[in-house]
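None of the figures in this text is laboratory data; all of them are computed from the coordinates on show. Keep in mind that this is a model prediction, so the values were computed, not measured. Please note: Cβ atoms are built from the backbone with ideal geometry, for glycine as well, and neighbour counts cover all protein chains shown.
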Number of protein chains: 2
Amino acid sequence: MKQTTSMKYTYGTPIETDAVVDKGIQQGKELIRLVEGEGCFTYTLKPETVVYGLGENLRGINKRGWIYESFCADDCVHTEAKRSLYGAHNFFIVAEDKPFGVFVDYPGRISFDIGYSNIDELIIKPETMDFNLYIIEGETPLEIVKAFRQMIGTSYIPPKWAFGYQQSRWSYKTSEEVRQVAKNFKDNGIPIDTIYLDIDYMERFKDFTVDETAFPNFEAFVQEMKEMGIRLIPIIDAGVKVEEDYETYEEGLKENCFVTDGEGNVFEGAVWPGKVHFPDFLNSKTRRWFGHKYAFLLDKGIEGFWNDMNEPAIFYTPKAVEAAMANVEKHRGENIDLGTFFGIKDSFSNIMNQEAYYKDMYHDMDGVRVCHYDVHNLYGYNMTRAAGEAFKELRPNTRTLLFSRASYIGMHRYGGIWTGDNCSWWSHLLLNIKMMPSLNMCGFMYAGADVGGFSDNTTEELLTRWLQFGVFTPLLRNHTAAYTRFQEPYNFKYTERIKKWIEMRYALVPYLYSEYMKATLSNDMLFKPLAFEYNDPHCTQVEDQLLVGESIMIAPVYEQNKTGRYVYLPENMLYVNFESATNYTVEEMKKGHHYIEADLDHLPVFIRPNHMLILGEVAANVEAQDSSKLHAIGYYKDHCAYKLYEDDGITPKPKLEDSITEIYMSDINVKPEKLEKIEVYKISSCE
Amino acid sequence: MKQTTSMKYTYGTPIETDAVVDKGIQQGKELIRLVEGEGCFTYTLKPETVVYGLGENLRGINKRGWIYESFCADDCVHTEAKRSLYGAHNFFIVAEDKPFGVFVDYPGRISFDIGYSNIDELIIKPETMDFNLYIIEGETPLEIVKAFRQMIGTSYIPPKWAFGYQQSRWSYKTSEEVRQVAKNFKDNGIPIDTIYLDIDYMERFKDFTVDETAFPNFEAFVQEMKEMGIRLIPIIDAGVKVEEDYETYEEGLKENCFVTDGEGNVFEGAVWPGKVHFPDFLNSKTRRWFGHKYAFLLDKGIEGFWNDMNEPAIFYTPKAVEAAMANVEKHRGENIDLGTFFGIKDSFSNIMNQEAYYKDMYHDMDGVRVCHYDVHNLYGYNMTRAAGEAFKELRPNTRTLLFSRASYIGMHRYGGIWTGDNCSWWSHLLLNIKMMPSLNMCGFMYAGADVGGFSDNTTEELLTRWLQFGVFTPLLRNHTAAYTRFQEPYNFKYTERIKKWIEMRYALVPYLYSEYMKATLSNDMLFKPLAFEYNDPHCTQVEDQLLVGESIMIAPVYEQNKTGRYVYLPENMLYVNFESATNYTVEEMKKGHHYIEADLDHLPVFIRPNHMLILGEVAANVEAQDSSKLHAIGYYKDHCAYKLYEDDGITPKPKLEDSITEIYMSDINVKPEKLEKIEVYKISSCE
């Protein structure tokens, strides 16, 4: 790694987040780069400055021109006007002649005004001045990312089967319905690795229960699905239903594992189960207790989970409902004026996820009483940490799939994320594309969006285009909401076309897995903006193309009714135009601007000079894939090598050096080493 | 005009909308082109079919891939998931080898499923089978548009000063505040023609009143502003406040001018004034009464109006509030379950603009009692018709500025539209760009969006980019909502840059006005998709460039942090790169794909071969502009002529043939005819 310098500045009394694992960062004296103002830090942006980062947040790869907040928010209607999403990732890089990275390790609400109030000014404004501020200087944004990632520790590694196609819906409500979904996939010959169980598999939304009527003999059913090559992935919600004799509730109460309110009573909110208590995940004893509850499902053969509603989402509190109702009663029968009307209306319209709830919730952080509002962004993180830490004890010899909705940096060591409830909007496909590098910068490597869109109704074209991008994201899951049209591949006219792109995903698994593991184990990014690799001024303008791993650049189509798009090549590349996983044309394409045709039946991929794309065979699921049947497409210039990472896909703590096979071409002939079945397309006509 | 064939098919018992003025359309026997199904019409879309039209609606120029509804909707948060906007424009064209246009003259709710349910099928589904269906066949989409526009009558013509820059906010609350806005414009030397008065100029939101405390001596104030070259444009809302001794209310009651409810009582809803009655604009006597009420303001020197809230928007009805409150009382103190909670919450959250209100409203259509729900889309249309018809009597010798939020085809003869409450979103800038041709197809020529965005907070960059597009729209108004940041040009860092684009608008006025008048008086479009003029298959893919008038093509930048964009030229053009109205470079550019630089300080315009762009001088307002100081930039190929339309800008019923001056260049030298002060840039190096 090139030279980077990391400095730590401590302000006030920070709350320990455990985001940073490297405790040896040098304490800075004089603040560098930023200017400290009253309760804020500022920096003057030059015309050419680009700001990268902020993980799961809105808008572009370049974050200039908006104000963002870190405050984990349950809000699927994330229009351009929003400032927060489900994650809170306070790391960004100011990229200019002498770039620097900033991480504000602060678990409360903080805003990043990046040219919003003043088009030329960056303003960082935490709600209180209690945090550790890290500043990293380096030669390039990528070097700064690597230094930051080393500081925060190695990212979560899922089982290899989690790179297969995954199907979900809120909800498949019975085992019969799940069986039918599985059958439809098999009948249509569509590969699939998992089916998700959303909240309805539980007995009245109670964590660590199974509805025995809807899912009789659950353990046998899990096994039945596994024999079809399909793993079931149940959801776990943050809130624990208030119900006498419900084991988790009773245990939590008895052991004081729940968040309390301002008066010291157990805090009561309402989510899917109705009234709930919230486990105090910021308490290590509670984490251990809750994490070990997953054994209920692990012991039934479950190998993966998604943690949801952990911002936490709170639909209402009994107190808030009572206050809104009392206000209604007060005005009942009156000839109300408009102000009174809107007051009443808004007391119900805005009842969900109120700040007031978070201000009335208290944690016991191993002996220290802390208001939830001040550590809001740590909640989902620590729920997932609870599970991740427990899996190391409960399943020490295998990797368990785990990802979360809410997150904070630090959680990346325990699980991945999906980007939360999005909408079936073209703009959310584009947001998904632009967000991937930012997520990687902040350590979130196993990540993906709800392909096709969660809320609102998708269209066949949108689903197809989203899938054409989704085949490159580690988490590839088609998921949608209860009130929307069915979104499984076989519910659309051109099922065969959707199927062929799912097959394409399986062909990409060897490369994706290899690149995922190499990037993760070396603190590198899987998805990079072009400007992270190319010192070409135009690259900072390109926000709709990405480098995926070391070998390829992608250029997804993300607009309705488009049959092609513009592409910028920062150097000559090999344009591989896939009509399917096994049928494609190759063409050398020159550095510069191009318009390429790319209808729903074509997927363009660009191979960088001296790199190879590795393709595997199409298979019914990841474990059924024959790893010896690999095929490489190389773009030879003056050397051409690829380091293929392979492992058993399930053993925790893999080592990079033990798992690499080197494949290379000389300029004379192809020399596949170790692996026998590599076929190489060699193009050497490039200049 | 080339050959077109228009056929009319009458289904059931249509309600007369007066959309079509040509009563001589041939009655068809066998239905052509469409297939009649059960309560719907269908058509199979070919892969290459493009569907244009639907006026003010969502998504692209090509409407394929979504389901749209005509049902005038008060909803500023128009995300991609919405199906209706403020207008209801049931005309579209199926463009393929043998194109045809369809107009369903139906004032109720109707959906247009254009490849949403089935990617290859068009389904038209009115709620009842009572309407006149028109089918127009022609050689090209443009010929079909012209035939349709002739059928529906000549579009509204505003005064020329309405082409100036217009400033608005909800609200400038006092004459002092308006004076300050005017002064800020003058102090900064920024041209301006009008300032808008939103709802707060009225005495407690009562139509045809002025708040004498906030706006003392209103008539003198109107005059004072006019002497500064600024006209005041007050808003008129649809609902009439229920208040004893309020003249409009008392008159309306006495003359039975209000919409009634299902029981025959006057219908009561609530909007800004609190409780209101809704004038029955579908009754000719009421229209005449209400239209003549505008005299109150005309007589104070007002020359323009905007009609708002005329879907009609209804915040609530006393009945609905009482029902919601009673439901609360019923459950008060109960340990409510989640379903009950959501029931209560939604009874308040969804209380605005309920269908149930529209189903409880009744019109007296000159003797026939009709439920509002069945004629919902005619309400805003007839409010504007009321004003437009009255102005012909009250101000027979001048044009009065008039535009509306809700609309239906037919209203285009009485006023323009603004595209309603939008948001300060980049996607709404793009929507504005894509919507302009569709509006023109449906007769709406005087149109524009709230530049900078109405709801949510704008950014300096978004406002600047929106203005760079807005300089081409006939209605150019910067307007924003009460709860957003101030959006006047002088409230941003680079005021000079915003100012120079407003100056650019004034330089464009002679061309825009000329093109507006020529297009309007010949049933042509001012904004055209490229494919309407170029028989080039790639043009159907281009949705972010428009032809504006006969001479130019524009390619706005509509993405954040972009300093350039791709442009497709369907033929060689002259690329004029404006740095300001008076400072620009010209360059010949070849047919094909290009990437052009275009930062916030540059505005690209492309002149078509053998055409000229006419520029006027920058002036403080439209009337201050010296019309003899014209300047032309021509792109000469083998001839080059321009027909300049000029008139006094105020006389109603202008005649095309009386107002044209021909300007032309020969291949030898420049020969400006009639006008002396034309300077021509001649480029003849094109192939």
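Extents of segment A:513-682, largest first, come to 42, 37, 33 Å (Cα atoms, principal axes, whole angstrom).
Compute the Rg/Rh shape ratio of segment A:408-498: radius of gyration over Kirkwood radius, all on alpha-carbon atoms. Kindly include the intermediate steps, with their values, before the conclusion.
Working: Rg = 13.4 Å, Rh = 13.4 Å.
Radius of gyration over Kirkwood radius for segment A:408-498 works out to 0.99.
Whole-percent P(r), chain A, all Cα pairs, 10 Å bins from 0: 3, 15, 26, 27, 19, 8, 2, 0, 0, 0.
In the protein assembly as shown, what % of DSSP beta bridges are antiparallel (nearest 5)? Don't skip to the end; give the middle numbers.
Working: 181 of 240 bridges.
Once the DSSP bridges in the protein assembly as shown are tallied, antiparallel ones form about 75 percent.
For segment A:513-682, what relative contact order do you get, as a whole percent, if you take Cα pairs closer than 8 Å and at least 6 residues apart? Over segment A:513-682, the number comes to 17 percent.
Each residue in A:Thr651, A:Thr248, B:Thr520 was given a count of other beta-carbon atoms within 10 angstrom of its own, and listing them fewest first yields A:Thr651, A:Thr248, B:Thr520. In this structure, the amide hydrogen of B:Ile119, modeled 1.01 Å from its nitrogen in the peptide plane, lies closer than 5 angstrom to those of A:Lys493, counting only residues at least 5 positions away or on a different chain. Modelled spin labels at B:Glu251 and A:Glu322, positioned 7 Å past Cα toward Cβ, are 5.4 nm from each other.
The same position B:Gly24 in the other copies lies at 9.4 nm from this copy, comparing label points 7 Å beyond Cα toward the beta-carbon, shortest first. With the cut-off at 1.5 for a/c, could you classify segment A:50-93 from its C-alpha gyration tensor as rounded, prolate or oblate? In terms of gyration-tensor shape, oblate. Full extension of the chain segment joining A:Thr582 with A:Lys643 gains 19.7 nm, where the gain is 0.36 nm per residue of separation less the Cα-Cα distance. Rounded to the nearest 10 degrees, the angle from helix B:338-349 to the longest Cα principal axis of chain B is 60 degrees.
Using a 10 Å cut-off around each Cβ, can you sort A:Leu394, B:Leu526 from fewest to most neighbouring Cβ atoms? Present the calculation step by step, with values, prior to reporting the outcome.
Numbers: A:Leu394 16, B:Leu526 27.
In increasing order of surrounding Cβ atoms, one gets A:Leu394, B:Leu526.
In the protein assembly as shown, the convex hull through the Cα atoms has an average projected area of 51.6 nm², a quarter of its surface area. Taking Cα atoms only, the orientation of helix A:218-227 departs from the longest principal axis of chain A by about 10 degrees.
Computed log10 I(q)/I(0) for segment B:477-604 at 0.10, 0.23 Å⁻¹: -0.39, -1.46, from the Debye equation with unit scatterers placed on every C-alpha and solvent omitted. Working from label points 7 Å from Cα in the Cα-to-Cβ sense, the B:Glu623 to A:Asn335 distance is 4.4 nm.
Fewest neighbouring Cβ atoms within 10 Å first, the residues B:Cys442, B:Cys539 line up as B:Cys539, B:Cys442. The alpha-carbon positions of segment A:1-100 define a convex hull whose volume is 159 Å³ per residue. About the centre of its Cα atoms, chain B shows a dipole size close to 920 debye [charges on the beta carbon of Lys, Arg (+1) and Asp, Glu (-1) only; nearest 20 debye]. Rounded, prolate or oblate for segment A:47-159? Axes are the square roots of the Cα gyration tensor eigenvalues, ordered a ≥ b ≥ c, and the cut-off for rounded is a/c under 1.5. Note, shape of segment A:47-159 comes out rounded. For segment A:603-667, the pair-distance distribution built from all alpha carbon pairs, in bins 5 Å wide starting at 0, is 3, 15, 21, 20, 21, 14, 6, 1 percent. Karplus-derived 3J(HN,Hα) values for segment B:107-113, using 6.51 cos²θ - 1.76 cosθ + 1.60 with θ = phi - 60°, are x, x, 6, 8, 10, 10, 8 Hz; glycine and proline are entered as x. Mean residue ellipticity, 222 nm, helices only, chain B: the sum of -39500 (n - 2.57) across DSSP H runs of n ≥ 4, divided by residue count and rounded to 500, is -7000 deg cm²/dmol.
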